[in-house]
1. Report, ordered by the first and then the second residue, all pairs with beta carbons closer than 9 Å, sequence separation of six or more or different chains, a first member in the stretch 28-41 that is part of a loop (DSSP other than H, G, I, E, B), and a second member that is among the polar types (S, T, N, Q) and at pLDDT 95 or above.
2. If we keep just the residues of the stretch 82-112 that are within 11 Å of Val19 (Cα to Cα) and touching a helix residue (DSSP H, G or I) at 6+ places or on another chain (Cβ under 9 Å), which is surrounded by the most Cβ atoms within 10 Å (Cβ to Cβ)?
3. Mind checking which pairs have a first residue in the stretch 119-135 that is surrounded by 12 or more Cβ atoms within 10 Å (Cβ to Cβ) and a second that is in a helix (DSSP H, G or I), Cβ under 9 Å, 6 or more apart or different chains?
4. Just to be sure before I move on: is Asp53 in a loop (DSSP other than H, G, I, E, B) and under 15 Å from the mean Cα position of the chain (by Cα) in the structure I sent?
5. Residues Arg60, Arg69, Arg25: which one is surrounded by 13 or more Cβ atoms within 10 Å (Cβ to Cβ), on the phi < 0 side of the Ramachandran plot and not polar (S, T, N, Q)?
6. Which residues, counting only those in the stretch 1-24, are outside any helix (DSSP H, G or I) and small (Gly, Ala, Ser)?
7. So Thr6 fits all but one of (1) surrounded by 13 or more Cβ atoms within 10 Å (Cβ to Cβ); (2) within 19 Å of Ala84 (Cα to Cα); what number is the exception?
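The values are calculated or read from the model by the stated rules, or taken from the named source; none is laboratory data. Everything numeric here is computed off the predicted structure, so don't read it as measured data. Cβ: placed from backbone, ideal geometry, glycine included. Neighbour counts: every protein chain shown.
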Amino acid sequence: MAFYGTHTNAIDHKGRLIVPAPLRRPGGRHKPIQSFLLVSGFDGCLALYAPEDWARVEERLRRLPMGGRKARAFTRAFLMNAMAVTVDAQGRVTIPPALMSRAGLGKEATLHGVGDHIEIWNPERLQVVIAEAEANFEANAEEALGDKEP
């Protein structure tokens, strides 16, 4: 399953955010995703994982060395406000106040599909992160992909 695309939607006064149909039906699946796991993401966003994708994340967390202080600290912080969220009949999920605050969310959010999960961003914060990524696109590609020219 792969999530792609970027959508900006309002967040209502109860913290509910619409997850657009293309993100609830990745790859054209017939039945939309009914629940996600919501966690703190990286770089100041939140992350929504479908159950199948979350199972892979949990497996990676289980492989972290329990004796490692950094591994324990990361796991604690990553899972501190994690919660299962159900998609309601209008295609919305509810974001709890602690995670709204963590991501700096207000009256709207940008949902950005990044392959195995969906990032939820404060739109202004995402623009800063994207501008930085675009400015360093080639260098980031070399580092991430290992494609250094001879």
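1. So the pair list comes out as Gln34/Thr86.
2. It comes out as Ala109.
3. Close Cβ pairs (under 9 Å, with a partner that is in a helix (DSSP H, G or I)) amount to Glu119/Leu126; Ile120/Leu99; Trp121/Gln127; Trp121/Val129.
4. For Asp53, the condition - in a loop (DSSP other than H, G, I, E, B) and under 15 Å from the mean Cα position of the chain (by Cα) - is not met.
5. Arg25
6. Ala2, Gly5, Ala10, Gly15
7. Condition not satisfied by Thr6: (2).
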